[in-house]
Amino acid sequence: MNKRNFLKSLIAVSVLVTTGSISISSQAAETTKLGFLVKQPEEPWFQTEWAFADKAAKDLGDVQIIKMAIPDGEKTLNAIDNLAASGAKGFVICTPDPKLGPAIMAKARSYDLKVITVDDQFLNAAGEPMSNVPIIMMAATEIGERQGFELYKEMQKRGWNVNETAVLAITADELDTARRRTDGAISALIKAGFPEKQIYKSPTKSNDIPGALDAANAMLVQHPEVKNWLIVGMNDNTVLGGIRATEGQGFKAENVVGIGINGTDAVSELSKPKMTGFIGSLLPSPDVHGYRSTEMLYKWVKEGVEPPKYTPIGDPVLLTRENFKLELEKKGL
Ligand code: FCA
């Protein structure tokens with residue numbers, strides 16, 4: 001064998017050895033499967049959390065996120081069975097109903113699955129928050145207060161007469177994060193000087209536009225004396241339902257102000273060529289919720305690092321028709 005051929009065969013052998021060792025090591029490293037279960041996959045908010053869970057998985061290495069839609073209790077419990085059968089080690093969940101907390105935890109425990117909640121906190125049988133289950137969520141009261149403050153500011157900017165103005169607060173008090181947001185908004189409005197007796201609460205039956213629209217319609221017809229409306233609600237869709245109701249009852253955009261929460265779900269409204277009463281939305285950090293919850297779960301499963309019981313995420317950005325594209329881009333959304 002001449003020197004050149006010898007070198008060639010040496011390279012061939014080393015390639016074989018290397019490929020061999022790659023396949024051996026990938027057999028040894030098992031993919032970690034983690035579930036990410038959300039109540040309303042149609043909301044861009046939850047799609048964003050999913051996208052950033054995937055991003056975390058990519059950064060962490062050999063991790064696969066199993067994304068599941070869980071619109072009701074039955075689907076939730078089935079999803080946990082399926083996760084366990086597929087070999088998942090734990091899941092992040094935004095429950096369709098906080099009262100499912102004990103059932104979800106019992107099932108998860110039966111399979112030895114770790115659980116981190118996101119956005120909506122579980123309630124125990126007595127209706128109290130299950131503070132022993134880790135939760136990562138928006139700083140609800142603070143974001144609500146900001147909504148109330150921004151509404152008041154816009155009312156002043158428009159020079160509305162406060163006597164001809166009322167607040168329509170579309171509520172969902174059985175969901176704690178929702179109650180804290182709307183309570184926060186109302187207390188900020190009162191603190192700023194808005195008369196409490198002109199704040200009307202109307203509960204919604206479902207946390208979507210049609211539910212909020214019904215709740216708003218029911219209240220608007222009771223107050224024909226009101227000229228200008230400020231709309232409070234726990235997220236973009238709730239506020240949008242309120243805005244649609246005012247439009248349906250003949251109010252012009254210049255007599256209505258609504259500011260949503262979520263940001264992600266306000267994009268199509270803020271993109272409309274003609275201005276509506278929906279002037280902005282507070283964007284918290286769905287990217288951080290999705291990424292960090294996944295990272296925490298992974299560390300818990302793989303390294304035994306217990307996550308903190310409570311991780312509030314604050315500092316929302318106010319998206320408007322002018323800045324929303326730039327602000328979403330800045331966050332990579
Ligand atoms: C709740 C709402 C969502 C989102 C999330 C952070 O789950 O239903 O729209 O605001 O909190």
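The values are calculated or read from the model by the stated rules, or taken from the named source; none is laboratory data. Treat the numbers as computed from the prediction; the structure is a model and nothing was measured. When we count neighbours, we look across all protein chains shown, and the Cβ atoms used for this are built from the backbone with ideal geometry, even at glycine. Heads up: the accessible areas ignore ligands, DNA and RNA and are worked out on the full protein's heavy atoms, side chains in. Shrake-Rupley method; radii C 1.70, N 1.55, O 1.52, S 1.80 Å.
Points to keep in mind about this one:
- Close Cβ contacts (under 7 Å, 6 or more residues apart or on different chains) running from residues in segment 66-95 that are in contact (Cβ under 8 Å) with a residue 12 or more places away in the chain and within 16 Å of residue 114 (Cβ to Cβ) to residues that are part of a strand (DSSP E or B) and of a type in the set (Lys, Arg) comprise 66/33; 86/33; 87/33; 88/33; 89/33; 89/114; 90/114.
- Filter pass, residue 267 being closer than 30 Å to residue 91 by Cα, touching a strand residue (DSSP E or B) at 6+ places or on another chain (Cβ under 9 Å), open to solvent by 10 Å² or more (accessible area, probe 1.4 Å) and outside the structural domain of residue 118 (by the TED database): yes
- Given (1) surrounded by 24 or more Cβ atoms within 10 Å (Cβ to Cβ); (2) in a strand (DSSP E or B), index of the condition residue 297 fails: (2)
- Residue match in segment 128-140 (condition: among the small types (Gly, Ala, Ser) and open to solvent by less than 50 Å² (accessible area, probe 1.4 Å)): yes
- Residues that are in contact with a helix residue (DSSP H, G or I) (Cβ under 7 Å, 6 or more places away or on another chain) and open to solvent by 10 Å² or more (accessible area, probe 1.4 Å) within segment 249-264 comprise 249, 264, listed in sequence order.
- Within segment 193-239, being closer than 19 Å to residue 261 by Cβ, among the small types (Gly, Ala, Ser) and out of contact with any Pro (no Cβ under 9 Å at 6 or more places or on another chain) holds for 202, 206, 211, 212, 216, 233.
- Members of segment 210-240 found to be part of a helix (DSSP H, G or I) and either more than 12 Å from the ligand (Cβ to nearest atom) or of a type in the set (Gly, Ala, Ser) (or both), listed by number: 210, 211, 212, 213, 214, 215, 216, 217, 218, 219, 220
- Tally, over segment 72-122, of residues that are in a loop (DSSP other than H, G, I, E, B) and either more than 15 Å from the ligand (Cβ to nearest atom) or buried (at least 16 other Cβ atoms within 10 Å of the Cβ) (or both): 14
- Any hit, segment 250-264, residues being among the β-branched types (Val, Ile, Thr), in contact with a Phe, Trp or Tyr (Cβ under 6 Å, 6 or more places away or on another chain), touching a residue at least 40 places away in the same chain (Cβ under 8 Å) and outside the structural domain of residue 116 (by the TED database): yes
- For residue 328, the criteria (1) farther than 25 Å from residue 158 by Cα; (2) part of a loop (DSSP other than H, G, I, E, B); (3) among the hydrophobic types (A, V, I, L, M, F, W, C) hold in every case but one, which is (2).
- Residues (farther than 15 Å from residue 298 by Cβ and not in a helix (DSSP H, G or I)) located in segment 49-71: 67, 68, 69, 70, 71
- Residue pairs whose Cβ atoms lie under 9 Å apart, separated by 6 or more positions or on different chains, with the first residue in segment 176-204 and at pLDDT 95 or above and the second open to solvent by 20 Å² or more (accessible area, probe 1.4 Å) and basic (Lys, Arg), are 182/201; 184/146; 185/146; 186/201; 188/146; 192/153.
- Matching residues in segment 41-56 - criterion: being more than 9 Å from the ligand (Cβ to nearest atom), among the hydrophobic types (A, V, I, L, M, F, W, C) and farther than 13 Å from residue 93 by Cα: 51, 52, 56
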